[in-house]
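For reference, the structure is listed below as structure tokens.
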Amino acid sequence: MDKAYEAKKFESDIYAAWEASGFFNPDNLTGEPYAIMMPPPNVTGILHLGHALENTLMDVMARYQRMQGKKVLLLSGTDHAAVATQARVENDLVEQGIKNPRQHFGREELLKKIREYAEESKATILTQIKKIGTSADWSRLAYTFDEERSRAVNTAFQKMYQDGLVYSGYRAVNWSIKGQSTCSDDELKYIERPAKLYTFKYSKDFPISIATTRPETKLGDTAVAVNPKDERYKKYIGKKYSIKQFGGAVDLIIKIIGDETVDPGFGTGAVGVTPAHSMVDFEMNEKHDIGCIQVIDRYGRMTSFAGKAYEGQTVDEAHNKVVDWLQNNNLLEDVKDTIQNVGTSDRFGDVVEVLLMTQWFVAVNKEIPGRGKSLKYLMREVVVSGHTGDAAQRVKINPERFEKVYLQWIDHLRDWCISRQIWWGHQIPVWYELKPEEYQKYKDDSEAFRNFLNFTRPATLAVGLEKPSGDNWLQDPDTLDTWFSSGLWTFSTLGWGSNERMWKKMRAFHPTSWMQMGHEIIFFWMARMILMSTYLLDEIPFHDVYIHGMVRDEQGRKFSKSLKNGIDPLEVIEKYGADALRLSSIIGTSPGADSRFYYEKLDGARNFVNKLWNIARYILDSQKTAEKTRKQLTLADSWILERLEATIYMVNRCLEEYDFASAMDATFGLREFMWDDLADWYLEISKVEGINVDVSNKILETLLKLLHPFLPFVTEVIWKEMKKPNLLMVADWPNRGESLNLSQINVDFSLVKEIITAVRSLRADKGVEPAKKIKAVVNAGKQKKFLAEQAEIIKALARLSDLEFSATKPAQAAAAVAGGVEVYLPLAELLDIGKEKERLQKEIAEIERYRDSLSGKLVNKEFTAKAPKAVVAAEQAKLTEAEAKLKKLREQLI
């Protein structure tokens, strides 16, 4: 083997060998189907470190399950990311000096530019995914905007329309002025900004004062809502008041309504209701039928309904004008500074307006024909009790705390607005039959056609996969929310809705086995997949979903272009290797929690990879060149094999629980075994005892298997160096034992370790040169025979010239207690007796504090009553050991 591991030298060839083997494709595997559908990255640019984490998590699970003999499908793909991709391309064009790309290029030419950008991004992304080592089935690569997925989208839309679950409605929606498109509630990013809270009356004879941060919208008020239990306002409920020339421009009819959602303790306890410009107020209109007046248009300017004095003004201009009018007419009672929480478009960045528009919606509260349940009910049921009450059809969310977050979101779910006024995406499969003159007018002007549809619905429309036959049919110009197509991902990728033969063949892979995603897309994606799968297939989309956190920079900030803190995974791989990137992305993470990236983690991960390489090189070279090889088992052999079994148990348990970091870093984890148990102890002892070929082979083979899901490249290279006939990626996974119980072998070897460690510590304390060999005296008691058998190991690893067993303490010796055994270093010529006495007193004081804490715990009746018996026994054993150590240290002090 080469002296040093150079990742660049091997990684491309290793990945090519994996691909050539055909084992990425489940058709070439046997066993129980196991499917993971890759969350398709957006084609908005290159992958970032968050994607490196996701690909590592997925590939760890895929390789782990494949080595367990399962028929693993890790299906990869990309997402056309409708709004995000169009916004990205338009922003780039604006930076190039094109003020309005849509007007400048027109629909087809702009779509061409977006498509070119998407294809370029897609190619880069797929290269990155392979470089990370993801063992995906590339023969089934999918794209949310390819022909198969597009057909599945149209099929799903058609069925939902036929069942009355997709409808066109004139409702309040979130509208991005900058993007000129709707946004769903989940696409809003809320920010805080300073504002003014104005308390006023509509007129001098109006009986109730209200407060608002947006006086310009009050030009469209139709009611004032109060809590029906509020004694101050009960007598007014049901009354109507005529307001003449409010704002100096419009006549209003304000009805006082009682609504239990109003908080009597907030502000004046009364709120002005503007159904056309507030989601909450729109819902009040649906309950109380108070009417809607739209005073703001899609361009952020006041409409004619706001009155001639305001028509055409921006909302800011109207805001100031209404405040001035209130002040001049002595209706403004109070003005306070406040903090306003406003929703902004996550893609276009502007503050959204709530406007009334005709859009397409998914009805989440309507009963599904023949099912007796709503979509909302299905989405809740699968997480709480399982689909149709079947526990085997339950979606388990890990960590569990996100179940509560998900269910709270479901409880407040509104009908889902699925239409978007952009050009990049799945065009809504609805065709309208127009009059000949209408067709000629709108066939080349999608924006004008959209405005026409906002107020007029042609008498004849068709929903389906193809354009109807005949003339004068125009397709709805809007496109679908990208999450509509993403919601079909777990089964559209298997052929549903587009390829019946493929769907029949791949049906066994659905429901999929495991899904992972960031916590920021639980509502965007996880919920939509559950909705689509339970409705269209009558089953869950996946059995388990693992929620991970966001990868942030060293300062805890998001990676972003504006902060210029982005890191390209390919650059990291070039310098450190893919295995180091994979390992660093997992280290220190916990389910659902954000993590920070820093280069020290990469350095540590690369060191781990290099350590594995050096361990393998030493074992394989020793087997060939060592003068001393043996077959009989020594204590060290038995100990390392037992520790290996404990590590197998721990790694299996962690992976079964999706605790990826702990598989590496927990007690009995892979890091502890490889670095501490194997490298620092067993292999050092093998230099004394000679190498046991059978044991060292078993250890190396098993270690490579356990590490392969995490570090696939370096482990496969070493496996090849071992002259194995088959690839490591399909080797049999080590079966775990039933428990972590360790035998007397571990106790015995631990004593040897403690003695060696104690001698090393005393040497360091006394400043003894590392190369200098010295004598040690051990008062071994009943352990004398056993320790005498291990004397050569102790002498070699502790750098001793002689190891004497005696019950007599040497004069002027440094002393320590290790596992109940007294250890002395006769260092008369080096020892400062005063300092040694001070050291012993300090150690005695520390152990006394430790003993007292244990005693306090064990006399606590609540602890001894509630704690498991094994825990109480373990604490008692610690106390006994501490008291024995104290006794020996006090004797040494004398």
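When F523, F484 are checked against the criterion of being within 29 Å of the chain's Cα centre (by Cα), among the aromatic types (F, W, Y) and open to solvent by 30 Å² or more (accessible area, probe 1.4 Å), F523 stands alone in meeting it.
Here are V714, V730: which of them is within 24 Å of A52 (Cβ to Cβ), under 29 Å from the mean Cα position of the chain (by Cα), at pLDDT 95 or above and not basic (K, R)? Answer to the selection: V714.
State which residue is nearest to L465 (Cα to Cα) when the search covers only region 398-416 and only residues that are touching a Gly at 6+ places or on another chain (Cβ under 9 Å) and crowded, with 17+ Cβ neighbours inside 10 Å.
D415
When the residues of region 211-253 are filtered to those that are farther than 30 Å from P194 by Cβ and part of a helix (DSSP H, G or I), the one that is most open to solvent (accessible area, probe 1.4 Å) is K235. Remark: pairs (first residue in region 53-70, more than 16 Å from K131 (Cβ to Cβ); second residue in a helix (DSSP H, G or I) and open to solvent by 10 Å² or more (accessible area, probe 1.4 Å); Cβ separation under 8 Å; 6+ apart in sequence or on different chains) = R66/V730; M67/K705; M67/V730. Does A118 satisfy being open to solvent by less than 20 Å² (accessible area, probe 1.4 Å), under 29 Å from Q421 (Cα atoms), part of a helix (DSSP H, G or I) and at pLDDT below 95? Against the criterion (open to solvent by less than 20 Å² (accessible area, probe 1.4 Å), under 29 Å from Q421 (Cα atoms), part of a helix (DSSP H, G or I) and at pLDDT below 95), A118 does not qualify. Taking the criterion of being open to solvent by less than 20 Å² (accessible area, probe 1.4 Å) and either part of a helix (DSSP H, G or I) or free of Cβ contacts under 8 Å to residues at least 60 places away in the same chain (or both), the residues of region 15-44 that qualify are Y15, W18, G22, P26. Among the candidates V759, V714, the residue that is out of contact with any Ser or Thr (no Cβ under 8 Å at 6 or more places or on another chain), closer than 26 Å to V72 by Cα, outside any loop (DSSP other than H, G, I, E, B) and not basic (K, R) is uniquely V714. Being surrounded by fewer than 14 Cβ atoms within 10 Å (Cβ to Cβ), among the hydrophobic types (A, V, I, L, M, F, W, C), on the phi < 0 side of the Ramachandran plot and in a loop (DSSP other than H, G, I, E, B) is a description that applies to A771. Residues considered: E738, E689. Of these, the only one that is more than 24 Å from A7 (Cβ to Cβ) and open to solvent by 60 Å² or more (accessible area, probe 1.4 Å) is E738.
V821 falls short on exactly one of the conditions (1) surrounded by fewer than 20 Cβ atoms within 10 Å (Cβ to Cβ); (2) at pLDDT 90 or above; (3) under 15 Å from Q892 (Cβ atoms), and that condition is (1). Of the strands (runs of 3 or more DSSP E) that lie entirely inside region 389-477, those containing 2 or more residues that are more than 26 Å from N42 (Cβ to Cβ) span 430-433, 460-463, 473-475.
Taken as a whole, the condition of being modelled with pLDDT of 95 or more, touching a helix residue (DSSP H, G or I) at 6+ places or on another chain (Cβ under 9 Å) and farther than 30 Å from G267 by Cβ does not apply to K321.
If I ask for residues that are surrounded by 18 or more Cβ atoms within 10 Å (Cβ to Cβ) and charged (D, E, K, R), which ones from region 383-397 would you list?
Across region 383-397, the qualifying residue is only R394.
Among the conditions (1) of a type in the set (S, T, Y); (2) open to solvent by 20 Å² or more (accessible area, probe 1.4 Å); (3) assigned to a helix (DSSP H, G or I), the only one that S622 does not satisfy is (2). May I ask you to verify whether V609 is outside any loop (DSSP other than H, G, I, E, B) and farther than 18 Å from Q128 by Cβ? Here the answer is yes, as V609 does meet what is asked. Reported count of residues in region 161-176, each being assigned to a strand (DSSP E or B) and out of contact with any Leu (no Cβ under 8 Å at 6 or more places or on another chain), is 5.
Do you know which residues across region 696-711 are open to solvent by less than 10 Å² (accessible area, probe 1.4 Å) and either farther than 21 Å from L74 by Cα or over 32 Å from the mean Cα position of the chain (by Cα) (or both)?
Within region 696-711, S696, I699, L700, L703, L704 qualify.
For region 177-210, name all the residues that are among the small types (G, A, S) and more than 30 Å from K240 (Cα to Cα). Within region 177-210, G179, S181, S184, A195 qualify.
Does S446 fit the bill of being touching a strand residue (DSSP E or B) at 6+ places or on another chain (Cβ under 7 Å), open to solvent by less than 50 Å² (accessible area, probe 1.4 Å) and of a type in the set (G, A, S)? When the stated conditions are applied, S446 does not pass them.
Looking at K189, K178, K201, which one is more than 34 Å from the chain's Cα centre (by Cα), over 26 Å from T490 (Cα atoms) and surrounded by fewer than 21 Cβ atoms within 10 Å (Cβ to Cβ)?
Of the residues listed, the single one that is more than 34 Å from the chain's Cα centre (by Cα), over 26 Å from T490 (Cα atoms) and surrounded by fewer than 21 Cβ atoms within 10 Å (Cβ to Cβ) is K201.
Residues being over 12 Å from L219 (Cβ atoms) and either among the aromatic types (F, W, Y) or buried (at least 19 other Cβ atoms within 10 Å of the Cβ) (or both) are represented in region 299-321 by at least one member. Here A646 passes the criteria (1) open to solvent by 40 Å² or more (accessible area, probe 1.4 Å); (2) over 27 Å from R401 (Cβ atoms) except the one numbered (1).
Could you tell me whether I256 is open to solvent by less than 10 Å² (accessible area, probe 1.4 Å) and modelled with pLDDT of 95 or more?
yes
On the stretch given as region 795-818, residues that are open to solvent by less than 10 Å² (accessible area, probe 1.4 Å) and touching a helix residue (DSSP H, G or I) at 6+ places or on another chain (Cβ under 6 Å) total 4.
Quick check: anything in region 563-586 β-branched (V, I, T), open to solvent by less than 60 Å² (accessible area, probe 1.4 Å) and in a loop (DSSP other than H, G, I, E, B)? Scanning region 563-586 turns up at least one residue that is β-branched (V, I, T), open to solvent by less than 60 Å² (accessible area, probe 1.4 Å) and in a loop (DSSP other than H, G, I, E, B). Whenever a residue of region 858-885 is among the basic types (K, R), its partners that are open to solvent by 90 Å² or more (accessible area, probe 1.4 Å), lying with C-beta atoms within less than 9 angstrom and at least six residues away or across chains, give the pairs K878/Y850. Only a single criterion out of (1) buried (at least 20 other Cβ atoms within 10 Å of the Cβ); (2) under 27 Å from P511 (Cβ atoms); (3) touching a Phe, Trp or Tyr at 6+ places or on another chain (Cβ under 6 Å) is not satisfied by V89, namely (2).
The values are calculated or read from the model by the stated rules, or taken from the named source; none is laboratory data. Computed from a predicted model, the values in this text were never measured in an experiment. Heads up, the Cβs are rebuilt from the backbone with ideal geometry, glycines too, and the neighbour counts pull from every protein chain shown. Remember, those area values only see protein heavy atoms, side chains included, never the ligands or the DNA or RNA. Shrake-Rupley method; radii C 1.70, N 1.55, O 1.52, S 1.80 Å.
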